[in-house]
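The values are calculated or read from the model by the stated rules, or taken from the named source; none is laboratory data. Note that the structure is a prediction, hence the values are computed from the model and not measured. Methodologically, a virtual Cβ is constructed for each residue, glycine included, from the backbone with ideal geometry; neighbour enumeration extends over all protein chains shown.
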Amino acid sequence: MKIAILPGDGIGPEIVAEAVRVLQALGEQFEMETAPVGGAGYEASGHPLPDATLQLAKDADAILFGAVGDWKYDTLERPLRPEQAILGLRKNLNLFANFRPAILYPELAGASTLKPEVVSGLDILIIRELTGDIYFGHPRGVRLAPDGPFKGEREGFDTMRYAETEIRRIAHVAFQAARKRSKRLTSVDKANVLETFQFWKDIVTEVHQEYPDVALDHMYVDNAAMQLVRAPKKFDVIVTGNMFGDILSDAAAMLTGSIGMLPSASLDANNKGLYEPSHGSAPDIAGKGIANPLATILSAAMMLRFSLNKPEQADRIDAAVKSVLARGLRTADIYEAGTTLVGTRAMGDAVVEALN
Ligand code: IPM
Ligand code: MN
């Protein structure tokens with residue numbers, strides 16, 4: 001089994017190194033190959049997603065990705081910015097189904113900014129469509145406004161669009177995921193304003209006919225944002241488009257206390273996937289050895305479960321993470337009085353030791 005290791009920028013290399021050590025400690029024969037991506041790709045070969053890196057990702061069975069981005073690249077033209085690497089990987093590899101679980105570990109209940117009774121026991125799953133929507137729609141750009149009250153003035157514009165196939169396939173993924181959990185699915189849209197999302201709602205409703213055992217409800221995205229902080233436990237599985245999913249998944253992540261704990265999986269139709277922490281490259285703390293590697297380690301567990309068909313190894317990692325939290329070890333992002341502050345490396349060591 002071949003795993004492409006793409007550490008990227010900022011804290012990416014530090015946290016990915018710990019996940020790789022955990023994978024190596026499992027006693028399996030993984031072939032791992034590392035390649036630069038994001039700012040590191042740009043430095044190495046003038047492009048955030050070098051051809052060789054894309055080829056490695058295509059040839060691998062799964063991809064472990066760190067994070068990309070740094071302020072120092074903000075002035076580059078858009079196609080050369082680090083974020084294009086992850087967008088390019090998603091698009092080129094057809095990774096349309098993004099799983100972003102938000103799980104509150106009981107030990108971290110105090111780390112949430114919300115009251116414990118609102119978040120304790122939280123376990124929700126956001127399924128974000130990842131290769132369509134306004135993120136990838138054309139045309140886009142800056143032009144002279146062709147009409148309207150600002151005709152002739154410069155305007156920025158993007159295109160929001162979803163093809164029927166794109167909505168159907170993510171809806172199937174979501175209904176199937178809901179079927180394996182509590183059999184409840186919430187589809188989030190903005191059908192009251194946007195044509196694209198009225199169409200989304202209609203197609204999701206059609207696909208629902210094939211899943212009569214799953215209860216479906218529809219919610220507008222503004223209401224969903226409010227309900228996520230008001231009563232998040234009312235949700236189980238949420239399915240939504242690329243942009244709404246981007247925003248809602250950050251909000252959901254923070255319910256759990258730290259975005260440093262949350263893994264994600266981005267899958268194609270055959271369960272080939274890219275696995276990455278839900279957080280970014282955090283350039284402000286890069287190189288300091290203080291970043292939380294657990295989201296990346298848990299992403300490696302998701303990789304074993306979804307793409308490499310090693311659920312028992314995934315369980316070992318999940319259990320090891322739970323046990324280091326139970327022992328009171330905390331990186332700075334989840335530290336509370338009475339717990340033990342550790343750095344990135346020590347956290348990785350503790351997970352490796354806790355594997356059994
Ligand atoms: C994410 C990130 C990306 C996105 C950026 C880095 C392009 O915010 O994975 O959520 O917007 O999808
Ligand atoms: Mn995001």
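Condition check ((1) buried (at least 18 other Cβ atoms within 10 Å of the Cβ); (2) modelled with pLDDT of 95 or more; (3) part of a strand (DSSP E or B)) across all residues:
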position	(1), (2), (3)
Lys58	no, yes, no
Gly66	yes, yes, yes
Gln84	yes, yes, no
Gly88	yes, yes, no
Arg100	yes, yes, yes
Glu107	yes, no, no
Thr113	no, no, no
Val118	no, no, no
Ile124	yes, yes, yes
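Looking at Ala102, is it within 16 Å of ligand 1 (Cβ to nearest atom) and not assigned by TED's automatic domain parsing to the domain that holds Ala326? So Ala102 fits the description; yes. Checking each residue in the stretch 258-292 for being away from ligand 2 (no atom under 16 Å from the Cβ), small (Gly, Ala, Ser) and surrounded by 24 or more Cβ atoms within 10 Å (Cβ to Cβ) picks out Gly273, Ala291. Within the stretch 319-342, the set of residues being surrounded by fewer than 20 Cβ atoms within 10 Å (Cβ to Cβ), farther than 12 Å from Leu108 by Cβ and within 23 Å of the chain's Cα centre (by Cα) comprises Ala319, Ala332. Screening Met226, Met261, Met219 for residues that are of a type outside the set (S, T, N, Q) and within 16 Å of ligand 1 (Cβ to nearest atom) leaves exactly one candidate, Met261. Check whether at least one residue in the stretch 212-222 is among the charged types (D, E, K, R), crowded, with 23+ Cβ neighbours inside 10 Å and more than 16 Å from ligand 2 (Cβ to nearest atom), and report yes or no. No, the stretch 212-222 contains no residue that is among the charged types (D, E, K, R), crowded, with 23+ Cβ neighbours inside 10 Å and more than 16 Å from ligand 2 (Cβ to nearest atom). Restricting the stretch 38-95 to residues that are among the charged types (D, E, K, R) and without any contact (Cβ under 8 Å) to a residue 12 or more places away in the chain, the residue that is farthest from Gly280 (Cα to Cα) is Asp51.
Are any of the residues in the stretch 289-299 free of Cβ contacts under 8 Å to residues at least 40 places away in the same chain and in the same structural domain as Ala57 (by TED's automatic domain parsing)? Looking through the stretch 289-299, at least one residue is free of Cβ contacts under 8 Å to residues at least 40 places away in the same chain and in the same structural domain as Ala57 (by TED's automatic domain parsing). Filtering the stretch 322-343 to residues that are touching a residue at least 40 places away in the same chain (Cβ under 8 Å), closer than 21 Å to Ser264 by Cα and among the aliphatic types (A, V, I, L, M) leaves Leu325, Ile334.
Going by what's in this entry, would Ile290 be described as assigned to a loop (DSSP other than H, G, I, E, B) and modelled with pLDDT of 95 or more? When the stated conditions are applied, Ile290 passes them.
For the stretch 280-291, a residue qualifies if it is at positive phi and within 17 Å of the chain's Cα centre (by Cα), and exactly one does: Ala282. Among the residues of the stretch 230-254, those that are in contact with a helix residue (DSSP H, G or I) (Cβ under 7 Å, 6 or more places away or on another chain), part of a helix (DSSP H, G or I) and more than 16 Å from ligand 1 (Cβ to nearest atom) comprise Pro232, Lys234. Asp70 - would you say it is acidic (Asp, Glu), within 15 Å of ligand 1 (Cβ to nearest atom) and under 20 Å from the mean Cα position of the chain (by Cα)? Yes, satisfied. Only one entry of Gln209, Gln176 meets the criterion of being closer than 17 Å to Leu125 by Cβ and polar (S, T, N, Q), and that entry is Gln176. Within the stretch 292-307, the set of residues being small (Gly, Ala, Ser) and over 15 Å from the mean Cα position of the chain (by Cα) comprises just one member, Ser307.
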